[in-house]
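Colleague: Got a structure here, written out as structure tokens. Questions coming.
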Amino acid sequence: MERERNLRILVAKPGLDGHDRGARVIARAFRDAGFEVIYTGCHQTPEQIVSTAIQEDVDMIGLSILSGAHTYSFPRILELLKENSAEDITVIGGGIFPLEDIPKLKAMGIKEIFEPGAKLQEITAWVGENVKPREGIGA
Amino acid sequence: MNIAEQIVAGDVRATARLLRDIDDQIPSARDILKELYPHTGKAHVVGFTGSPGVGKSTLVDQIALRYRQDGLTVGILAVDPTSPFTGGAILGDRIRMQRHFLDSGVFIRSLATRGHFGGLTRSTNDMINVLDAMGKDMILVETVGVGQDEVEIANSAHTTVLVTVPGMGDEVQAIKAGIMEIGNIFVVNKADREGSRKTVRELRTLIELGLRRRVENGWEPLIVETEALKGRGLEELYSDIQKHREYLRANPQQLNEVLWKRARNQFVEALRDQTLRTILDRLNNRGVSLDALIKMIMNKEADPYSLVHEILNEELR
């Protein structure tokens, strides 16, 4: 019998900008795609984001950012995930990034970056294909 | 250390993963729950229920802060609804609880109601047990705030807090049926709004009307006005919860009733879920499709009662 398995996704907004329209729209799109979305609001530090991701046992973290703070927050989040042996959690980003930063972010372990103009369908389809609910921990 | 031992030692990752496995109904989760059960029974479970938007998350956030000041550790389970159309959910209760994110003494888990696929319920009781075994002193459960959940929480919690707000008019009327009986403490939140006193009076009248039946229990439900955002009334709510806890301690018969209710609820739930799961799995293994059975019933080629009868005869021989 088919088990009920939902992808769990944390949509988080690191940094100081308070414009979370994009984050809310993507949270809603993920919900409509059948995912469980944990949404925590603006102004999150990397420490708060990783702590939440672990307590909520998410499969993916989607980071929304417009402020340019990604150069600090993205690597810090990846580092903290590693420290907590949680590097199996997929991390993606969405928002505004200088073009030259994108390959750097991907090289450090951000799985995908979505820029303005990316279609919601495109993003949810990417997640559905690339992120799977993890296996049970076993007895 | 195996997973159960890690959880008893307070490991956050192991706890988080087991909660996921319980939610996803992975069979091995049961084996870990078996190991954890002897470690449960120490936490005090407080359920917060009431309509959406009355301020349950904010109250839970504030009261958790108060328990932290006492040095008590806190586990929070916050439930939000699953979309019946897509199966997805937005779980936003954490927005009000940000100050606890970096406190290792607070564990917060957001839960979706999910679809109860095949009639199975997602077991809040199992999750409470995990947080209890993990060593949390206080477990705060915030219900989704609609429907059956509101009454069910009283079977899981030691103390049930019913939250309402002024000026909802028919709200108090709606509370009357059934729900009135489960509240040990009533909170009128957003008490700065007009009509707060009136709501308190109405609640008091309803409690007194229902009291004749309850007076032998010795616990008269308390009413407290709060403004959760500003922290007003929180000290009083905190002390009311303490009072109820002490009341249970001082009245073994009442405490026993609560413990009995919880144990029975857990057993019946486990029995129902595992029986159903086993039978559905066996049908699946025999190549019987659930969808085909449902279709027969829908098309009136069979009735549900005969089908169940047949299946039980076959599977429970």
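Colleague: Picking from B:Asp291, B:Asp273, which residue would you name as being under 18 Å from B:Ser156 (Cβ atoms), among the acidic types (Asp, Glu) and either in a helix (DSSP H, G or I) or in contact (Cβ under 8 Å) with a residue 40 or more places away in the chain (or both)? If you could, list the steps in order and put the result at the bottom.
Modeller: Numbers: B:Asp291 fails: under 18 Å from B:Ser156 (Cβ atoms).
B:Asp273 is the lone residue from the list that is under 18 Å from B:Ser156 (Cβ atoms), among the acidic types (Asp, Glu) and either in a helix (DSSP H, G or I) or in contact (Cβ under 8 Å) with a residue 40 or more places away in the chain (or both).
Colleague: Can you confirm whether B:Leu19 is in contact with a Lys or Arg (Cβ under 6 Å, 6 or more places away or on another chain), within 12 Å of chain A (Cβ to nearest Cβ), in a helix (DSSP H, G or I) and closer than 15 Å to B:Asp126 by Cα?
Modeller: Details: in contact with a Lys or Arg (Cβ under 6 Å, 6 or more places away or on another chain): yes; within 12 Å of chain A (Cβ to nearest Cβ): yes; in a helix (DSSP H, G or I): yes; closer than 15 Å to B:Asp126 by Cα: yes.
Judged against the criteria, B:Leu19 is a match.
Colleague: Is it the case that some residue within region B:181-191 is assigned to a helix (DSSP H, G or I), modelled with pLDDT under 85 and touching a helix residue (DSSP H, G or I) at 6+ places or on another chain (Cβ under 8 Å)?
Modeller: Let us first name the residues in region B:181-191 that are assigned to a helix (DSSP H, G or I), namely B:181-182.
Those left that are additionally modelled with pLDDT under 85: B:181-182.
When the remaining residues are screened for being touching a helix residue (DSSP H, G or I) at 6+ places or on another chain (Cβ under 8 Å), the result is B:181-182.
Yes; the residues of region B:181-191 include at least one that is assigned to a helix (DSSP H, G or I), modelled with pLDDT under 85 and touching a helix residue (DSSP H, G or I) at 6+ places or on another chain (Cβ under 8 Å).
Colleague: Kindly check whether there is at least one residue in region A:95-103 that is in a helix (DSSP H, G or I) and of a type outside the set (Val, Ile, Thr).
Modeller: Filtering region A:95-103 for residues in a helix (DSSP H, G or I) gives A:101-103.
Checking the rest, the ones that are also of a type outside the set (Val, Ile, Thr) come to A:101, A:103.
Within region A:95-103 (the criterion being in a helix (DSSP H, G or I) and of a type outside the set (Val, Ile, Thr)), the answer is yes, since at least one residue qualifies.
Colleague: List the pairs whose first member sits in region B:3-28 and is at positive phi, whose second member is surrounded by 21 or more Cβ atoms within 10 Å (Cβ to Cβ), and whose Cβ atoms are under 6 Å apart, counting only residues at least 6 apart or on separate chains?
Modeller: Listed pairs, sorted by first residue: B:Gly10/B:Met134.
Colleague: Name every residue in region A:80-139 that is out of contact with any strand residue (DSSP E or B) (no Cβ under 9 Å at 6 or more places or on another chain), of a type in the set (Val, Ile, Thr) and in contact (Cβ under 8 Å) with a residue 40 or more places away in the chain, in order of residue number.
Modeller: Restricting attention to region A:80-139, the residues satisfying the condition of being out of contact with any strand residue (DSSP E or B) (no Cβ under 9 Å at 6 or more places or on another chain) are A:80, A:82-88, A:98-100, A:103-104, A:107-108, A:117, A:119-121, A:124-125, A:128-129, A:132, A:134-139.
Filter once more, so that each one left must be of a type in the set (Val, Ile, Thr): A:124, A:137.
Result: A:Thr124, single match.
Colleague: Can you tell me which of A:Val11, A:Val50, A:Val58 is buried (at least 22 other Cβ atoms within 10 Å of the Cβ), assigned to a strand (DSSP E or B) and hydrophobic (A, V, I, L, M, F, W, C)?
Modeller: Values: A:Val50 fails: assigned to a strand (DSSP E or B); A:Val58 fails: assigned to a strand (DSSP E or B).
Answer to the selection: A:Val11.
Colleague: Which one of the conditions (1) aliphatic (A, V, I, L, M); (2) modelled with pLDDT under 95; (3) under 21 Å from A:Thr40 (Cα atoms) does A:Leu80 fail to meet, given that it meets all the rest?
Modeller: In the conditions (1) aliphatic (A, V, I, L, M); (2) modelled with pLDDT under 95; (3) under 21 Å from A:Thr40 (Cα atoms), A:Leu80 misses (2) alone.
Colleague: A follow-up question, please. Sort through B:Leu280, B:Leu293, B:Leu316 and tell me the only one that's over 18 Å from B:Phe186 (Cα atoms), modelled with pLDDT under 90 and within 14 Å of another protein chain (Cβ to nearest Cβ). Spell out the reasoning first.
Modeller: Details: B:Leu293 fails: modelled with pLDDT under 90; B:Leu316 fails: within 14 Å of another protein chain (Cβ to nearest Cβ).
Only one candidate qualifies: B:Leu280.
Colleague: Another one. All but one of (1) within 14 Å of another protein chain (Cβ to nearest Cβ); (2) in a loop (DSSP other than H, G, I, E, B) hold for A:Ser67, so report the exception by its number.
Modeller: (1)
The values are calculated or read from the model by the stated rules, or taken from the named source; none is laboratory data. The model shown is predicted, which means the values in this text are computed figures rather than measured ones. We place every Cβ from the backbone using ideal geometry, glycine too, and count neighbours over all the protein chains shown.
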